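First the structure, in the form of structure tokens, and then the observations on it.
The values are calculated or read from the model by the stated rules, or taken from the named source; none is laboratory data. Keep in mind it's a predicted model, so treat the numbers as computed, not measured. Quick reminder, even Gly has a Cβ in these numbers, built from the backbone with ideal geometry, and neighbours come from all protein chains shown.
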Amino acid sequence: MIDMEEKIFLALMPHRDCGKGVTTVKHSLLSLDFYGAFSFPVASPLAVLSHALTKDELKRIAVQLRENTFAEGRKGIITAGDWGTAALGGIFFGGQRLDVPVERLFQADAVFPRGVVVEPCAVPLLVEAVMRGDTPGGDAPWENTEEKKKRPAVQPASFSFTAGYVANLALRPLRDDGYSFEWRIGEPVWMPKIRRLSAAGG
């Protein structure tokens with residue numbers, strides 16, 4: 001169970017043309033009675049925030065994310081791959097792992113205002129379901145809990161994208177069942193196109 005307070009996330013969303021595969025996975029999960037599959041938009045929550053970011057702050061983050069996609073020989077591409085699970089803000093998510101180099105985003109003296117990041121994500125996921133269950137305790141990692149065992153076998157097809165945007169995502173639980181929400185997505189700020197990166201960074 002999670003608290004009923006509204007949470008604000010920094011979220012990364014791929015271009016809508018990339019979301020078709022995610023929708024297919026959600027339909028598959030729902031048809032197998034995996035409730036919660038539609039409780040989250042096509043988005044990757046990257047951090048829990050103390051308050052919503054301004055448009056200028058989001059612009060700096062979008063530029064930093066684009067630069068990160070070229071770090072260590074990368075080609076500016078983000079790939080959604082195997083299924084994974086992660087907890088953020090007391091909520092458990094399931095979805096495809098994203099190879100977004102977020103560790104650079106949360107380094108000291110990065111693009112976030114001081115104190116705004118309450119909790120950074122450890123494993124970026126393109127969320128396809130809000131997981132049921134309580135916080136795993138002791139030496140029982142989330143991957144070994146009963147909820148993992150109940151998850152239907154899903155083999156999502158991997159896909160890649162270069163176009164994406166960041167936005168504030170406000171999430172409010174509707175009930176205390178832990179996986180029923182309503183959300184509001186703020187104004188999108190797109191990562192700069194590859195050919196415009198230097199101009200955006202300057």
Residues of the range 79-114 being under 30 Å from S28 (Cβ atoms) and basic (K, R), in sequence order, are R97
Examine the range 28-50 for a residue that is modelled with pLDDT under 80, surrounded by fewer than 21 Cβ atoms within 10 Å (Cβ to Cβ) and within 23 Å of P120 (Cβ to Cβ), and state whether such a residue exists. no
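Let's see how each residue does on (1) touching a Gly at 6+ places or on another chain (Cβ under 8 Å); (2) farther than 21 Å from L169 by Cα; (3) assigned to a loop (DSSP other than H, G, I, E, B):
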{"site": "T23", "(1), (2), (3)": "no, no, no"}
{"site": "S28", "(1), (2), (3)": "no, yes, no"}
{"site": "E72", "(1), (2), (3)": "no, yes, no"}
{"site": "T79", "(1), (2), (3)": "no, yes, no"}
{"site": "W83", "(1), (2), (3)": "yes, yes, no"}
{"site": "F92", "(1), (2), (3)": "yes, no, no"}
{"site": "F112", "(1), (2), (3)": "no, no, yes"}
What are the pairs with Cβ atoms under 6 angstrom where one residue, in the range 115-132, is closer than 15 Å to V100 by Cβ and the other, located anywhere, is of a type in the set (V, I, T) and not in a strand (DSSP E or B)? Sequence gap at least six, or different chains. P124/V100; P124/V102
Pairs please, first residue from the range 158-175 and free of Cβ contacts under 8 Å to residues at least 60 places away in the same chain, second anywhere and of a type outside the set (D, E) and buried (at least 16 other Cβ atoms within 10 Å of the Cβ), Cβ atoms under 7 Å, 6+ apart in sequence or on different chains. L174/F181
Output for the range 30-57, where each listed residue is in a strand (DSSP E or B) and of a type outside the set (G, A, S): P45, L46, V48, L49
Close pairs from the range 42-54: first without any contact (Cβ under 8 Å) to a residue 24 or more places away in the chain, partner assigned to a loop (DSSP other than H, G, I, E, B), Cβ under 9 Å, at least 6 apart: T54/P113
How many residues are buried (at least 19 other Cβ atoms within 10 Å of the Cβ) and not aromatic (F, W, Y) if we restrict to the range 68-101? 15
If you take the residues of the range 115-130 that are among the aliphatic types (A, V, I, L, M) and in a loop (DSSP other than H, G, I, E, B), which of them is nearest to T24 (Cα to Cα)? V123
Answer with yes or no whether E119 is at pLDDT below 65 and either more than 19 Å from M13 (Cβ to Cβ) or out of contact with any Lys or Arg (no Cβ under 6 Å at 6 or more places or on another chain) (or both). no
Assess whether A62 counts as being in contact with a Gly (Cβ under 8 Å, 6 or more places away or on another chain) and either at pLDDT 85 or above or buried (at least 19 other Cβ atoms within 10 Å of the Cβ) (or both). no
